[in-house]
């Protein structure tokens, strides 16, 4: 069996260096964006520069950087689906050095009257796919951008 012969101490046969050269250390924070509208808004509102690119067979994914509040951060428009979105964070970590990922987008709800004008914060989740755990944690991006320190209770739907 493969588990009987697995050697954690040996070098991997395939690693990111084989595709992208050595790991870079350009930024600490990276926004992982699921919404094309938010992605395009960032590109139009901030002076952005491309710092890396993830190579994929159906079109490369540019990684951008921008400054806000004297802080350099990266962002990119991710693929949909927990497996690919989670795997992309590993590649982006290698390409940019980012080790803090803020994943967000818009999921809405079946009953708009419950969530309209509110932030949707998951209070629980199930990790049924291999990388769902990385998507269960939702960090509110406006706290990062606006420097807000607290939320009003009436704006939260749990």
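Couple of notes before you dig in:
- Among the residues of segment 75-92, not a single one is modelled with pLDDT of 95 or more and surrounded by fewer than 10 Cβ atoms within 10 Å (Cβ to Cβ).
- Evaluation of residue 54 against the conditions (1) farther than 18 Å from residue 99 by Cα; (2) surrounded by 12 or more Cβ atoms within 10 Å (Cβ to Cβ) shows that the sole unmet condition is (1).
- Residues (surrounded by fewer than 15 Cβ atoms within 10 Å (Cβ to Cβ) and not in a loop (DSSP other than H, G, I, E, B)) located in segment 22-40: 36, 37, 40
- Under the condition of being touching a helix residue (DSSP H, G or I) at 6+ places or on another chain (Cβ under 8 Å) and either free of Cβ contacts under 8 Å to residues at least 12 places away in the same chain or under 19 Å from residue 85 (Cα atoms) (or both), the residues counted in segment 28-50 number 6.
- Filter pass, residue 98 being under 18 Å from residue 22 (Cα atoms) and assigned to a loop (DSSP other than H, G, I, E, B): yes
- Some residue of segment 3-21 being without any contact (Cβ under 8 Å) to a residue 60 or more places away in the chain, part of a helix (DSSP H, G or I), surrounded by fewer than 18 Cβ atoms within 10 Å (Cβ to Cβ) and within 16 Å of the chain's Cα centre (by Cα): no
The values are calculated or read from the model by the stated rules, or taken from the named source; none is laboratory data. Remember, predicted model here, so these are calculated numbers, not experimental data. Positions of Cβ are backbone-derived with ideal geometry, glycine not excepted, and every protein chain shown enters the neighbour counts.
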